[in-house]
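Q: Got a structure for you, questions after.
Each value in this text was obtained by applying a stated rule to the coordinates, not by laboratory testing. These numbers come from a predicted model, not from an experiment. Positions of Cβ are generated from backbone atoms using ideal geometry, with glycine treated the same way; all protein chains shown enter the neighbour counts.
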């Protein structure tokens, strides 16, 4: 038995949150590019080596802040888009919190003190948990409809 999904106008907020994250990701990429020039870490080197570069830790923290955000991006996109099908305003709100927290995660990491990423940036994990719950709710609702 097929289940049809109707998108409400509020799903537009979900889509706009995804677009906002794309812009945040582009900005973080530019920050890595600036750090490459500043700390003299040239392509194709992914991470600086402390024995070869006195600023290796500073560069690596900027790079890791962006890299970690890239690693979580597919998870964020999937749970945002799927959870938003049933709970568009909640998912968009949680997505907005995730984006703001990711910004502070990156800024904290880029200080060169990795623990600074969690001061406000740690809220991204709570937002992810909320999005996981929205997505699980959507999946459960699909199964319940199927049983009725």
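Q: Per residue of the chain, what 222 nm ellipticity follows from adding -39500 (n - 2.57) for every DSSP H run with n ≥ 4, rounded to the nearest 500?
A: Per the formula, -26000 deg cm²/dmol.
Q: If you average the C-alpha positions of region 46-120 and of region 1-26 separately, how far apart do those two centres end up, in angstrom?
A: Region 46-120 and region 1-26 have Cα centres separated by 20 Å.
Q: Using a basic spin-label model with each label point 7 Å from the Cα along Cα→Cβ, how many nm lie between residue 47 and residue 26?
A: So the label points at residue 47 and residue 26 sit 2.9 nm apart.
Q: Which three lengths, in whole Å and largest first, does the chain cover when its Cα atoms are put on their principal axes?
A: Cα extents, longest axis first: 65, 26, 23 Å.
Q: Report, to the nearest 10°, how far helix 56-86 tilts away from the longest principal axis of the Cα atoms in the chain, using its own Cα long axis and a range of 0 to 90°.
A: Approximately 10 degrees, to the nearest ten.
Q: If you wrap a convex hull around the Cα atoms of region 71-147, how much volume per residue is inside, in Å³? Walk me through the numbers before you get to the answer.
A: Values: hull volume 5.4 nm³, N = 77.
So the per-residue Cα hull volume is 70 Å³.
Q: Can you tell me the relative contact order of the chain? Whole percent, Cα pairs under 8 Å, sequence separation 6 or more.
A: Result for the chain is 27 percent.
Q: Let me ask something else about it. For the chain, find the longest principal axis of its Cα atoms and tell me its angle to the long axis of helix 11-39, 0 to 90°, nearest 10.
A: 10 degrees
Q: Between residue 143 and residue 2, with labels modelled 7 Å along Cα→Cβ, what's the label distance in nm to one decimal, could you check?
A: The answer from the label model is 2.4 nm.
Q: For region 32-109, what is the relative contact order in percent, using Cα pairs closer than 8 Å and at least 6 residues apart in sequence?
A: With pairs under 8 Å counted, the relative contact order is 27 percent.
Q: If you line up the long axis of helix 88-109 against the longest principal axis of the chain, both from Cα atoms, how many degrees apart are they, to the nearest 10?
A: Approximately 10 degrees, to the nearest 10.
Q: Determine the gain in length on full extension of the stretch residue 136-residue 40; use 0.36 nm per residue of separation and subtract their C-alpha separation, reporting nm with one decimal.
A: Value of the extension gain: 30.0 nm.
Q: Oh, and also: With 10 angstrom as the radius, rank 37, 64, 117 by how many other C-beta atoms surround their C-beta, starting from the fewest.
A: Starting with the residue having the fewest Cβ neighbours, the order is 37, 64, 117.
Q: A further question on this structure: Could you please rank 135, 89, placing first whichever residue has the fewest other Cβ atoms within 10 Å of its Cβ?
A: The order, fewest Cβ neighbours first, is 89, 135.
Q: Using only the alpha-carbon atoms of region 82-125, report the extent along each of the three principal axes, biggest first, to the nearest angstrom.
A: Dimensions of region 82-125 along the principal axes of its Cα atoms: 40, 13, 12 Å.
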